[in-house]
1. Taking the Cα atoms only, what angle lies between the long axis of helix B:7-16 and the longest principal axis of chain B, rounded to 10 degrees?
2. Need the list of aspartates and glutamates near residue B:193 for cross-linking: C-alpha distance under 17 angstrom, and skip anything on the same chain fewer than eight residues off.
3. Within 10 Å of each Cβ in peptide B:248-255, how many partner chain Cβ atoms are there on average? Round it to a whole number, please.
4. Ordered by packing density, taken as the mean number of other Cβ atoms within 10 Å over each peptide's residues, highest first, how do B:483-492, A:195-204, A:458-467, A:215-224 rank?
5. Run through region B:1-95 and list the GluC sites (Glu not before Pro) located in a DSSP loop whose Cβ has at most 11 other Cβ atoms within 10 Å.
6. How well do other chains shield peptide A:167-174, expressed as the mean number of their Cβ atoms within 10 Å of each residue Cβ?
7. Where the label is 7 Å out from Cα toward Cβ, how close does residue B:254 come to the same position in every other copy, in nm, shortest first?
8. In nm to one decimal, list the spacings between the residue A:42 label point and its equivalents in the other copies, with label points set 7 Å along Cα to Cβ, shortest first.
There are 2 protein chains.
Amino acid sequence: MPFTAPTAEQRFALDHVVRLGELAATERYAAASDDVIDAVLEGAGQFAAGEWAPLARAGDTVGAKWTPEGVVMPAGYPEAYRAFVEGGWGTIGAPEAFGGQGLPFAIQTAVLETLGTANMGFALCPILTVGAIEALTHHGSPEQQVAYLPRLTTGEWTGTMNLTEPQAGSDVGALKSMATPRGDGSWSIKGTKIFISFGDHDMADNIVHLVLARTADAPAGTRGISLFLVPKFRLDAEGNPGAFNDVRVVSIEHKMGLHASPTCVLSFGDNDDCIGHLIGAEHGGMRAMFTMMNNARLNVGLQGVQVAEAATQKAVDYARERIQGTRDGQPTAIIEHPDVRRMLMRMKAQTLAARALVYYAAGQVDRAGLGDAAAKDRLEMVTPLAKAHATDLGNEVASLGVQIHGGMGFIEETGAAQYFREARITPIYEGTNGIQAADLVGRKLALSNGAAFAALIADIRAEAQDAGLIALVDACERVGRRLQTADADDRLAASYPFLNMLSIATAGWLVERLARESADDAPGETRRAIAAFYLDQVLPEAMGQVAAAEADATGLYRLSADAF
Amino acid sequence: MPFTAPTAEQRFALDHVVRLGELAATERYAAASDDVIDAVLEGAGQFAAGEWAPLARAGDTVGAKWTPEGVVMPAGYPEAYRAFVEGGWGTIGAPEAFGGQGLPFAIQTAVLETLGTANMGFALCPILTVGAIEALTHHGSPEQQVAYLPRLTTGEWTGTMNLTEPQAGSDVGALKSMATPRGDGSWSIKGTKIFISFGDHDMADNIVHLVLARTADAPAGTRGISLFLVPKFRLDAEGNPGAFNDVRVVSIEHKMGLHASPTCVLSFGDNDDCIGHLIGAEHGGMRAMFTMMNNARLNVGLQGVQVAEAATQKAVDYARERIQGTRDGQPTAIIEHPDVRRMLMRMKAQTLAARALVYYAAGQVDRAGLGDAAAKDRLEMVTPLAKAHATDLGNEVASLGVQIHGGMGFIEETGAAQYFREARITPIYEGTNGIQAADLVGRKLALSNGAAFAALIADIRAEAQDAGLIALVDACERVGRRLQTADADDRLAASYPFLNMLSIATAGWLVERLARESADDAPGETRRAIAAFYLDQVLPEAMGQVAAAEADATGLYRLSADAF
């Protein structure tokens, strides 16, 4: 599937949503000069279009295969992964001390967006590695960092996150995997994990599993969970991959999409010979995992942007080429039909909105990393919005992409269906969107005694000019304040509609700013037209959710479970 | 996938939406007694659950296969189809003169709903046969009727609709297939048709293709199109299938879903030996096709109901069984979590709404057939709503069904993904939902000089009690009146949001009536709870679309096609 990286739009969002100039003015990010940023975006675009995009269809049709010796990727993937390593595309945001470029997370976000737009399933692999790098950077011991970070940074080794077990999905605290001290400071790991993306593959020399497990006599629930580093191959005296560490791929899932991303069932310690190393404090696993998960949530939100961008490009191409019906008596490409335009404008507008949301959050990661406490609050506040709303938008846009293609959209060879299928996982993994909504109305509305929410509302209000946006932010404030003191059921009953409202208000604020700060040139005119469509036709839909956001839980519990 | 036919809900909708009692009071439908209706609904439910539902997964995983000798259905399908024929399930609505039961179309709708809820891809086969029966009943010659209707009615032979060609999708008038007189009253057919559902299979003795083609010197566009009856096997002197009629399956499509339904490329007359028979008048093809298409549109809307019902049943089962998290300190099934309840209530409410819309339209088919001109207007008015909105709801509900299953929803073996994939074709075929919206704001708003639209508004207003519903119908009237005099681009620009608003108003009216007329018993309490959720939380969303419905086309044309 040919694609062109939207580098100009990415750059504009980095400048005007992230305010990258402010970051580049700090000592830490002094390397993020205009030239470097442009070179990185352009280079990533060319690499992704040239090396990764051509493999996207085979990723779907062939997919990763399980064998008794491990997972085998489709032809071309190992080579394309090596090209990624050699190009240094994994090093963008990693710390310089371990071979990274130390560029802002926001730049890394743009690069991952491009890779995932080219090949969403494939890009999941570096996304997981980024999570492992972050967990080790923040919680690993100096020895662990020296041993693992350099080769995770280059991508020679890849990372995984191991949370889920059959009985412990959204309820991570219910997990049962066990870690037992071996007496030498290391731990013996035993248990089964499911839904492990890139849990095994043949593209890298080692795989670094970050595994949540329980130690003996640990408290119940999430308070008793510890995080362990469990390499596929133990490191030998020289620090190279050596003996097999008793981590087996039991099977891979037969999924609706993302077939290039092997979703593994991993069995640790079948032969009681799986060695793990504690990361951070015993029983401190959830804290370490949250470091990883929060940014992983943004990266899943980013997958919403990826699929939206990819589906839109494909639909625009088709709509320009497909001749059907007439306009002013002449045969016409369907892009000229009003309802097709409506769908395409909506796709463009929702893509713009999704990117703005995720980039905004990414910028707060960088500011929080610089010690800005308000940015940390902003990041926590918008993380559920970026994860849930951007993935919902990715699904909506991918569905519109199928619709634009008409009957051809339902035929697999066309490729529009692949986006539709693949998008569907994004509202589920890394905390379902329902979990995000619960996080929003629970932890996030209460954050800093409500000041984090008040700050977001104030931020929007300080800039908002569109009357619909102003009305929406008023409604968000009113509903949010009610939910801050509502009881748990009422809060949760309203959580999803409220999440939608607040996401759209936040996106509307940023989209309006993008239009306002656009120059009087052709890209600026295009952006203003798309932003106007968002504000005039998409944003008002949020007001339709106020009724549900204002309802309490009574309507949900009129039925007994048996009556459904 | 186990399922239970929702016979009580079907019966209630037949009684209170269709007002079946009024139909049964007519001479024509005197056979539709309470006992007969209950027996038909119950029997269809048992047949579908016992014979067709168990084949649904294999329909997806194995699918229909193309071979040089023709299309081969998955194991069990020919036998299950034979059981359908032997049970008389194809005869419900067909004319008694040709072996049908002559029951109301609304009853047939309920039976087809049940069959399709059990196995959506399979049920497409009888749906297409119903279309062929209707076209022949209304437009066939007495000889054609005698020769073909009896065995189409039993289902021994099946029917197809052949409209689409590669260059002629939504623009049917662009088709190029040719019909040339053979001098004996028959015609020689030549051309290629695509997207022909059940264009070939191994379950019936003959396949009756209804084919749109152009005759020599015919006017351009749809005015020059004629309809031909083209059997796979010509009838011999005894009226039995005889010589092969030069209709070949060139290939079948590799689709995102409905793999049990072979979507064929058919080549007519490769050897100049394909004989067709004109149905109705030369150049009268579109009129005859519209007879078939209008009811086919309702039957596709019905597929929205099918997939919504099936996905909801599956999600409810899972949510009752899946233990995750706690409530009041105790482990709980996820159905007790507020946001899961919100999703399930939404699924139930949207299913209720979709069924009400489609059944309402079906009831107007029967009234129109009794010569009620106002009912004919009502039918035409609500057909685009029933087709487009019910299929959109089917998609929404199937997506929620995946979400309820969490990570398991993305795993194919679970089955929730199948509904999600299969639903996606329904907004596309039988006239894309965009075409339905165009039909609504074009032909339908203008129908009977606007009286048809005014009558629908008046019907809703006469019963509506909910304040939100009343506000919505006011908005619909205001927007609809503006669109009646708007220019074409402005009308089409607003068509989809307006279709949504009017569909929700119409569904809201019927849902409110279902609640109002429910008894004070357990099913009545359940229905009222679901209806209240619809009116309180779903219907208000329609007001969020008013801004888009009130916008003109300017915002869609600010960009040139190149600027997208």
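Here, each number is a calculation from the coordinates, and none is a lab measurement. Quick caveat, the model's predicted, so the values are computed rather than measured. We place every Cβ from the backbone using ideal geometry, glycine too, and count neighbours over all the protein chains shown.
1. That helix lies at roughly 90 degrees to the long axis.
2. Within the straight-line limit of under 17 Å, residue B:193 reaches these aspartates and glutamates: B:165, B:171, B:246, B:253, B:270, B:272, B:273, B:430.
3. Values: counts 0, 0, 0, 0, 0, 6, 6, 6.
That works out to 2 on average.
4. Working: B:483-492: 17.3, A:195-204: 23.2, A:458-467: 14.7, A:215-224: 13.1.
Taking the mean over residues of other Cβ atoms within 10 Å, the ranking is A:195-204, B:483-492, A:458-467, A:215-224.
5. Working: sites: B:9, B:22, B:27, B:42, B:51, B:69, B:79, B:86; in loops: B:27, B:69.
Passing sites in region B:1-95 are B:27, B:69.
6. Values: counts 3, 1, 7, 6, 6, 0, 2, 5.
The per-residue average across the peptide is 4.
7. 1.7
8. 7.7
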